[in-house]
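Undergrad: Sharing a structure below in C-alpha cells format, with a few things to ask.
None of the figures in this text is laboratory data; all of them are computed from the coordinates on show. None of the values given here were measured: they were computed from a predicted structure. For neighbour counting, all protein chains shown are included, and Cβ atoms are generated from backbone atoms with ideal geometry for every residue, glycine included.
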Amino acid sequence: MICAASLVSASDGKSLFDTNCAKCHGTDGKGATKMGMKAGAKDLTDAKVQAELTDAKISTSIKEGIKEGDKTKMKAFPDLSADDIQALVGYVKSLKK
Ligand code: HEC
C-alpha cells in the first residue's frame, strides 16, 4: 500500500508540474523553454541546483513565488492545496540527475 500511495503522488506531481510549471521549467525541468530562458529558470535536474533546495524552500517558492526586488521571477501559486504542493516538492526532487 505504501508503494501504491507513493506512486500515485509521484504521478500527480508530474501532471501538476506539466500543467503549472512546464511553461517555464519545461516538462523535463531543465528550464530550456522560451519563457524559462527569458525568466532565468535554473536547471532543476542539475545536482548543484538541487543541493541548494530544501523541501521548505521549494514549497515556499511555489506558495509565494520568487521575486527579485519588485520584479516577479516566478509567479506564486496560492490556489494549490498543501497536498498538491507536497506532490510537487517530491516531483521536483525526483528530477535530480
Ligand atoms: C513564470 C515562469 C515560472 C513558472 C510558471 C514556474 N517557475 Fe519555478 N522558477 C522560475 C524562475 C525564473 C526561477 C529561478 C529563480 C531564481 O533564479 O532564483 C524558478 C525557480 C524555481 C525553483 C528553484 C529555486 C527556489 O528557490 O526554490 C523551484 C524548485 C521551482 N521554480 C519550482 C516551480 C514549480 C514546482 C512550479 C509550478 C508550480 C514553477 N516553478 C513554476 C520561473 C517559473
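Undergrad: If you line up the long axis of helix 2-20 against the longest principal axis of the chain, both from Cα atoms, how many degrees apart are they, to the nearest 10?
TA: Taking the Cα atoms of the chain, the angle to 2-20 is about 30 degrees.
Undergrad: Angle, helix 55-64 long axis vs. longest principal axis of the chain, Cα atoms, 0 to 90°, nearest 10?
TA: 60 degrees
Undergrad: Pairs to check: 63/97; 38/97; 42/73; 34/73. Give those whose C-alpha atoms are more than 22 Å from each other in this structure.
TA: 63/97; 38/97
Undergrad: Which residue, 29, 13, 69, tops the fluctuation ranking in a GNM of the chain built on C-alpha contacts under 10 Å?
TA: Answer for the Gaussian network model of the chain: 69.
Undergrad: Tabulate in residue order the Karplus-calculated ³J(HN,Hα) for region 42-48, using 6.51 cos²θ - 1.76 cosθ + 1.60 with θ = phi - 60°, rounded to whole Hz; enter x for Gly and Pro.
TA: 7, 7, 6, 8, 6, 4, 5
Undergrad: Right, something else. Using Cα pairs under 8 angstrom and six or more residues apart, how large is the relative contact order of the chain, in percent?
TA: 29 percent
Undergrad: Quick one: 3J(HN,Hα) in Hz for region 68-84, Karplus 6.51/-1.76/1.60 with θ = phi - 60°, rounded, Gly and Pro as x.
TA: Karplus values, whole Hz, x for Gly and Pro: 10, x, 9, 8, 7, 8, 10, 6, 7, 10, x, 8, 6, 6, 4, 5, 4.
Undergrad: Same structure, new question: What residue among 42, 67, 30 shows peak mean-square fluctuation when the chain is described by a Gaussian network model with Cα springs under 10 Å?
TA: 67
Undergrad: Using a 10 angstrom cutoff on alpha carbons, build the Gaussian network for the chain and name the most mobile of 59, 81, 15.
TA: 81
Undergrad: How far apart, in nm, are two points set 7 Å out from the Cα along the Cα-to-Cβ line at residue 18 and at residue 73?
TA: About 2.8 nm, to one decimal.
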